[in-house]
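The values are calculated or read from the model by the stated rules, or taken from the named source; none is laboratory data. From a predicted model like this one, the values you see are computed outputs, not experimental measurements. Using ideal geometry, Cβ is built from the backbone for each residue, glycine included, and neighbour counts are taken over all protein chains shown.
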Amino acid sequence: MEFTVAIDGPAASGKGTVARTLATRFGFAYLDTGLLYRATARKTLDGYDPVVAAKALNLEDLDGDDLRLPDVAQAASRVAANEDVRAALLEYQRNFAEQPCGAVLDGRDIGSVICPSADVKLFITASEVVRANRRLEELLG
């Protein structure tokens with residue numbers, strides 16, 4: 001059964017928590033699309049070309065504990081500005097969304113750009129104070 005849930009919203013709004021919960025509850029594959037940019041950035045910090053890194057990503061690359069470090073986050077912003085990287089990761093995300101067991105994707109522009117025909121689209125929000133506290137907890141953790 002191919003079924004796609006697209007969850008969008010600003011950083012630290014809680015979309016990842018909702019996405020993981022839904023994926024677990026329904027047995028769907030889960031993708032935090034922001035980790036794609038962080039994993040690409042991690043590879044560039046190791047000397048890889050950004051486009052080559054983006055095209056070579058696999059799910060194992062998304063498991064590193066170091067993907068949430070500040071230097072990786074800063075590098076992720078730089079690689080996200082590269083059109084060719086975005087094109088490669090767009091393809092990756094769209095392919096992931098076609099999981100036969102169903103898929104939940106969370107990140108930016110998921111419902112509008114990545115999976116415009118998703119079966120379910122959610123936009124999660126939270127106040128700036130809540131988002132700032134969540135981000136602070138993440139950085140301190």
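Going by the conditions given, is residue 87 crowded, with 17+ Cβ neighbours inside 10 Å and either small (Gly, Ala, Ser) or in a loop (DSSP other than H, G, I, E, B) (or both)?
Working: crowded, with 17+ Cβ neighbours inside 10 Å: no; either small (Gly, Ala, Ser) or in a loop (DSSP other than H, G, I, E, B) (or both): yes.
Answer is no for this residue.
Name the residue, out of 27, 47, that is over 18 Å from residue 110 (Cβ atoms), touching a Cys at 6+ places or on another chain (Cβ under 7 Å), at pLDDT 95 or above and not β-branched (Val, Ile, Thr).
Numbers: 47 fails: touching a Cys at 6+ places or on another chain (Cβ under 7 Å).
One residue alone meets the criteria, 27.
Counting only residues that are in contact with a Ser or Thr (Cβ under 8 Å, 6 or more places away or on another chain) and in a helix (DSSP H, G or I), which one in the range 92-129 is farthest from residue 13 (Cα to Cα)?
93
Tell me the residue from 30, 48, 37 that is closer than 26 Å to residue 132 by Cβ and surrounded by fewer than 23 Cβ atoms within 10 Å (Cβ to Cβ), please. Explain how you work it out, then say what you get.
On the way: 48 fails: closer than 26 Å to residue 132 by Cβ; 37 fails: surrounded by fewer than 23 Cβ atoms within 10 Å (Cβ to Cβ).
Being closer than 26 Å to residue 132 by Cβ and surrounded by fewer than 23 Cβ atoms within 10 Å (Cβ to Cβ) holds for just one of 30, 48, 37, which is 30.
Would you be able to tell me the number of residues in the range 1-24 that are crowded, with 17+ Cβ neighbours inside 10 Å, at pLDDT 95 or above and among the polar types (S, T, N, Q)?
Residues in the range 1-24 being crowded, with 17+ Cβ neighbours inside 10 Å, at pLDDT 95 or above and among the polar types (S, T, N, Q): 1 in total.
Just to be sure before I move on: is residue 138 surrounded by fewer than 18 Cβ atoms within 10 Å (Cβ to Cβ), in contact (Cβ under 8 Å) with a residue 12 or more places away in the chain and in contact with a Lys or Arg (Cβ under 7 Å, 6 or more places away or on another chain) in the structure I sent? Can you show your working first?
Details: surrounded by fewer than 18 Cβ atoms within 10 Å (Cβ to Cβ): yes; in contact (Cβ under 8 Å) with a residue 12 or more places away in the chain: yes; in contact with a Lys or Arg (Cβ under 7 Å, 6 or more places away or on another chain): yes.
Against the criterion (surrounded by fewer than 18 Cβ atoms within 10 Å (Cβ to Cβ), in contact (Cβ under 8 Å) with a residue 12 or more places away in the chain and in contact with a Lys or Arg (Cβ under 7 Å, 6 or more places away or on another chain)), residue 138 qualifies.
Regarding the range 70-83, can at least one residue be identified that is in contact with a strand residue (DSSP E or B) (Cβ under 6 Å, 6 or more places away or on another chain) and either closer than 28 Å to residue 2 by Cβ or surrounded by 14 or more Cβ atoms within 10 Å (Cβ to Cβ) (or both)? Step through it out loud before you land on a result.
Initial filter on the range 70-83 (in contact with a strand residue (DSSP E or B) (Cβ under 6 Å, 6 or more places away or on another chain)): none.
For the range 70-83, residues in contact with a strand residue (DSSP E or B) (Cβ under 6 Å, 6 or more places away or on another chain) and either closer than 28 Å to residue 2 by Cβ or surrounded by 14 or more Cβ atoms within 10 Å (Cβ to Cβ) (or both): absent.
Quick check: anything in the range 109-126 touching a Cys at 6+ places or on another chain (Cβ under 9 Å), of a type outside the set (Ser, Thr, Tyr), at pLDDT 95 or above and under 21 Å from residue 22 (Cα atoms)? Step through it out loud before you land on a result.
Taking the range 109-126 first, the residues touching a Cys at 6+ places or on another chain (Cβ under 9 Å) are 121.
Next, only the ones that are of a type outside the set (Ser, Thr, Tyr) stay: 121.
In the following step, the residues that additionally are at pLDDT 95 or above were identified as 121.
Still in the list and also under 21 Å from residue 22 (Cα atoms): 121.
Yes, because at least one residue in the range 109-126 is touching a Cys at 6+ places or on another chain (Cβ under 9 Å), of a type outside the set (Ser, Thr, Tyr), at pLDDT 95 or above and under 21 Å from residue 22 (Cα atoms).
Answer yes if at least one residue in the range 46-64 is over 12 Å from the mean Cα position of the chain (by Cα), outside any helix (DSSP H, G or I) and of a type in the set (D, E, K, R), and no otherwise.
yes
Return the total of residues in the range 86-107 being more than 13 Å from residue 37 (Cα to Cα) and small (Gly, Ala, Ser).
So the answer is 3.
Among (1) under 15 Å from the mean Cα position of the chain (by Cα); (2) of a type outside the set (Ser, Thr, Tyr); (3) under 24 Å from residue 137 (Cα atoms); (4) surrounded by fewer than 17 Cβ atoms within 10 Å (Cβ to Cβ), where does residue 94 come up short?
(3)
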